[in-house]
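Participant: Dumping the structure here so I can ask a few things about it.
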Amino acid sequence: PLFFIAGTWDMMLHPVRLLWKVGGYCHAFLQLGPKCRESFQIFEDGRLQRSFSPSVDDASPYKEYAIEGPHAFSKGSRCWTLGADPRDEAHVGGRFEIRLRLTGDGRPSALDWIGPFGFAEGLEDAKGRGAVILGK
C-alpha cells in the first residue's frame, strides 16, 4: 500500500504521499510556519476510510502510544502533533523529517520525526516529488 499524510496545514484536505526511503521507512518533510505546531494523521492509499491515528492526543516520539486503524477519519480524531512538546525545538522555518515504519505485512508500526535542521539529505529530492509540506 501507499501511505499519505494530511494535517492542519490545510485542514486535512490534500493528503501528501509519503516517499519510500532506503532504510525501510517512508517519509515526508514538514517545514513549520508561524504557528510552530501542526497535527496530522496517516491514510492508506490516501483514503479517508483508511485512517491511522495514535491512541493518545497530541502523540509524539516522546509519548508512549499505539497506532490504531485503519478506521474512518472523523474530525476530532486523535493526531500526532509536531511542536506540542518543547523537546521538538519547534520554530518558524524549522524542518522536520516525518518517518513512518511498517511491519513486514505493510501495516504502520511506528511514527516519529527528527529535526529541526536547516539541510537534510533527501530534502531536495522530496521537494521535487511533492513530499515537502509547508506549515501555516
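Participant: Compute, for segment 1-85, the length of the dipole vector about the Cα centre, with Cβ point charges of +1 (Lys, Arg) and -1 (Asp, Glu) only. Units Debye, rounded to 20.
Facilitator: My answer is approximately 180 debye.
Participant: Throw me the Rg/Rh for segment 23-72, computed over C-alpha atoms with Kirkwood Rh, two decimals.
Facilitator: That ratio equals 0.99.
Participant: Return a whole-number percent for the relative contact order of the chain, with Cα pairs under 8 Å and 6 or more residues apart as the contact set.
Facilitator: Across the chain, relative contact order equals 30 percent.
Participant: Excluding ligands and nucleic acids, what accessible area in Å² is computed for Ser74 using a 1.4 Å probe, to the nearest 10?
Facilitator: For Ser74, the solvent-accessible surface is approximately 60 Å².
Participant: From zero outward in steps of 10 Å, how is the percent of C-alpha pairs of the chain spread across the bins?
Facilitator: So the P(r) values, bin by bin, are 13, 48, 36, 4.
Participant: Please work out the average accessible area per residue across the chain, using the 1.4 Å probe convention, and give it in Å². Intermediate values should be presented prior to the final figure.
Facilitator: On the way: 6930 Å² over 136 residues.
That works out to 51 Å² for each residue.
Participant: Compute the distance from the alpha-carbon center of segment 67-120 to that of segment 1-39, in whole Å.
Facilitator: Spelled out, the Cα-based centre of one part sits 8 Å from the other.
Participant: Next up: Quickly work out the Lys21-to-Thr103 label distance, labels modelled 7 Å from Cα along the C-beta direction, and quote it in nm with one decimal.
Facilitator: 2.3 nm
Participant: Sticking with this structure for a sec: Once phi is turned into θ = phi - 60°, what whole-Hz ³J(HN,Hα) does the Karplus curve with 6.51, -1.76 and 1.60 give for every residue of segment 98-106, x standing for Gly and Pro?
Facilitator: 8, 10, 10, 9, 10, 6, x, 9, x
The values are calculated or read from the model by the stated rules, or taken from the named source; none is laboratory data. All values derive from a computational prediction rather than experimental measurement. No Cβ is skipped: glycine too gets one built from the backbone with ideal geometry, and neighbour counts run over all protein chains shown. Side chains included, ligands, DNA and RNA excluded: accessible areas come from the protein's heavy atoms. Shrake-Rupley method; radii C 1.70, N 1.55, O 1.52, S 1.80 Å.
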